[in-house]
Amino acid sequence: MKSDLYKSVSHLMRRASFGASHELLEKLCTQSYEETVEQLLEPESQPDYDELTFFRYHPMAKTLYVPRHAQLNWLYRMTNSQRYLQEKMALFWHQIFATGISKVNRDAMQAQIDMFRNNGMGNYKTLLIALAKVPAMIFWLDNQENHKDEPNENWGRELLELFSLGVGHYTEKDVFECARAFTGWSFINEYEGIPSPPVPREFKYYEDDHDNGEKTFLGHTGNFNGEDIIDIILKQPACAQFITRHLYNFFVADEPEVPKWPNEPPRDPKAIEYLSKIFVESNYEIKPVLRALFNSDFFKEALYQKVKSPVEVVVGTLKLTGDMNGPDPRWGEIFLTPINMGQDILNPPTVEGWHTGKEWINSGAFINRVNFVADRLKNTKLPGVKTIIENVKQGSTHDSPESIVDSCLEELGNLKLETDTYNELIDDIDSVGGSNGDGSIDQQIADTLAMIAGTKEYQFC
C-alpha cells in the first residue's frame, strides 16, 4: 500500500512535471512534500539535460534548418531534463504566448522558448517586457510593421486580449494607444520570405520610428512607451485574475476555453482570488504563486481533474516506463507522436494556442493516445514496467483479477475507475487470461496495465 506522501508527490509530479519513475518518486519521498515543492521551484539546483550528447546522436537537430528537429530537441529535453518545472512552465507560456514555426524560423522560436525557461518563474513584468522584445513574437504579430505614422494593432490587441487582461477589460481606443506606445519596437536582420533562412535576429528600438505623442490608455494619460503600458496593465485587477486563472487551468483543473471566460466564472473563484492576492502582494512574481498553488488544499484535492495533453501523454509514458531514456534512434519517429495526437508543439493552430481539456479526446486522436501508452505498458522488457510488475506482485495476492487490477491502479498513481469501467476491466481480464493465453503472471499484469491505459479515466491526470 502506497503511503499518503507517495500519492501526494505522485500527483505533484504529474502536474509540476510530466510524471515520474517509481525510482524518482521513492527518492522524493525521503523528504517532505514541501521540500519537493521548493526543489521544483529552484530548477538551477538540478542538472539540465546533456545537450552535447543529444546533438552527438542527433546532429541534424543542430546543424540543419529543419523546424521539426527543433520539436525533437524539446521533446527529448522534456523527457530527460531534471529541471522538471522549468520545462513545464516553458510549455505553459508557449500555450499562452502562442507563436509558431508556421511563420517564425526555428532559431527565433528556440530563442523564445529559452526566454520562457529563463523568465518563466520570475517576475511577470520582466516576462512581458522580454516577450515584447523577443524577435519571434515581434515577427509573429507584425510589430516590425508598427510605425509612428501607420500603427499596426496586432501586438497591442493580443497583449491585452490574450496575454494579460482578456476581452471586456479594454476598449478599441486602448488597443490603438497601446499600439502607438510600442512603435519602434522591432529587430535587426529583418528579412522577407517563408520559409526564412536561419539568420539570427536581435531586438532593436528605433527611436526615430516611435510615436512620442501623448496617449490615453486605460484611464491614464502620458507620453507612454511600451514599458509604461505594461506597468499600467499590471495594476489592473483583471490582470492578476487572468494570469492566475491560466495557472489554475494548467496545473489544477480544466477551465472553459479562454474565449468563454468573459461569460463563464472560474471553476473555483476562491482559489483564483487567493492566488491573485499573492500575485499582487509579491509585486507580480510568479514563483510565490506557484508555491501557494502547489501547497494548497485545492491543488492536493484535484486528483484527475485535468485531461492530459498529448505532450503529457507521451513524455509521462516515457518517464513512467523508462523508455527512450537518453539518445535513441527512435527519437526520429517518437517526436512526431504528439503531433498525431493533436498537439504540434512549436506550431500552435492559432494565437489562442490549443483548445485543451476534453477537446484533446474528442477526436480520432484518442486511439493514438491509447495505442502509444498500451504498447509500452505491456512491454515487460522496459525497466519502468519491470518495476511496476514487481511492485504489483509484492503488493497483491494476484489470485484474482480484482487483486491485480487494484494493485495496478495504485502503481499508476492511485487511479480511480468508475464502477462500470472497473467491472468491464475485470470481465476482460477474466476472458483473456493473460497475453496470448500464455498465463504468465508478469504478462498478465502488463496486459492489465495496457487495458487500464485504454480506459477513459486514464486520460486524466
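Laboratory data are not the source of any read-out in this text; all were calculated from the coordinates shown. Small disclaimer: the values here were computed from a predicted structure and weren't measured. Cβ coordinates were reconstructed from backbone atoms using ideal geometry, including for glycine residues, and neighbour counts include every protein chain displayed.
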If you bin the C-alpha pair distances of the stretch 237-300 every 10 Å from 0, what whole percents do you get?
23, 58, 19
Contact order relative to length of the stretch 237-300, as percent, for alpha carbon pairs under 8 angstrom and 6 or more apart
34 percent
Take each of the peptides 71-83, 293-305, 399-411, average the number of other beta-carbon atoms within 10 Å over its residues, and list them starting from the highest.
71-83, 399-411, 293-305
Treat the chain as a sphere of radius equal to its Kirkwood radius over Cα pairs and apply Stokes-Einstein at 4 °C in a medium of 1.567 mPa s; give the translational diffusion coefficient in µm²/s, rounded to a whole number.
55 µm²/s
So, relative contact order of the chain in percent, Cα under 8 Å, 6 or more apart, is 18 percent
Which aspartates and glutamates, on any chain, are close to LYS277 with Cα under 15 Å apart, when same-chain ones fewer than 8 places away are left out?
ASP268, GLU285
Length released on extending from ASP48 to ASN118, taking residue separation times 0.36 nm less the Cα-Cα span
23.9 nm
Over the stretch 117-180: Rg over Rh, Cα atoms, Kirkwood Rh
0.99
Angle between the chain longest axis and helix 4-16 axis [Cα atoms, degrees, rounded to 10]
40 degrees
Whether the stretch 182-331 is rounded, prolate or oblate, judged on the alpha carbon gyration tensor where a/c under 1.5 counts as rounded:
oblate
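Once you sort the root eigenvalues of the Cα gyration tensor of the stretch 96-137 as a ≥ b ≥ c, which label holds: rounded (a/c under 1.5), prolate (a/b larger than b/c) or oblate (the other case)?
Judged from the Cα gyration tensor, the stretch 96-137 comes out prolate (a/c at least 1.5, a/b above b/c).
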Tell me, what is the Rg over Rh of the stretch 1-146, with Rh the Kirkwood radius over Cα pairs?
1.03
Using Cα atoms only, what is the angle between the long axis of helix 237-251 and the major principal axis of the chain, expressed in degrees (0 to 90) to the nearest 10?
20 degrees
Calculated FRET efficiency, GLU207 and ASN283, Cβ-Cβ r, R0 41 Å, to nearest 0.05?
0.90
Which angle between 0 and 90 degrees, to the nearest 10, do you get for helix 286-295 versus the longest principal axis of the chain when only C-alpha atoms count?
30 degrees
Residue span LEU24 to GLU150: 0.36 nm per residue of separation minus Cα-Cα distance leaves a gain in nm of 39.8 nm
Please check which bits of the stretch 300-314 a label hung off GLU418 would reach, taking the label as a point 7 Å along Cα-to-C-beta and the cut-off as backbone N under 20 Å.
302-309
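For the chain, what does the helix formula give at 222 nm: sum of -39500 (n - 2.57) over DSSP H segments with n ≥ 4, over the residue count, nearest 500 deg cm²/dmol?
Computed ellipticity for the chain at 222 nm equals -16000 deg cm²/dmol.
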5 Å is the cut-off here: which amide hydrogens, built 1.01 Å from N in the peptide plane, fall below it relative to ASN123, excluding neighbours closer than 5 in sequence?
ILE286
Show me the ranking of peptides 386-394, 421-429 by mean Cβ neighbours inside 10 Å, starting with the highest.
386-394, 421-429
Rounded to 0.05, the calculated FRET efficiency for the beta carbons of MET60 and ASN340 at R₀ = 30 Å is 0.90
Rounded, prolate or oblate (a/c below 1.5 giving rounded, otherwise prolate when a/b exceeds b/c) for the stretch 51-124 by Cα gyration tensor
oblate
Taking a 29 Å limit on the Cα-Cα distance, which of the listed pairs LYS103/LYS235; LYS173/LYS204; LYS27/LYS88; LYS125/LYS204 fall beyond it?
LYS103/LYS235
Stokes-Einstein translational diffusion, the stretch 310-459 - Kirkwood Rh over all Cα pairs, 1.002 mPa s, 20 °C, in µm²/s
131 µm²/s
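Compute, for the chain, the length of the dipole vector about the Cα centre, with Cβ point charges of +1 (Lys, Arg) and -1 (Asp, Glu) only. Units Debye, rounded to 20.
On the way: 45 positive and 69 negative charges, 110 e Å.
Rounded to the nearest 20 debye, it is 520 debye.
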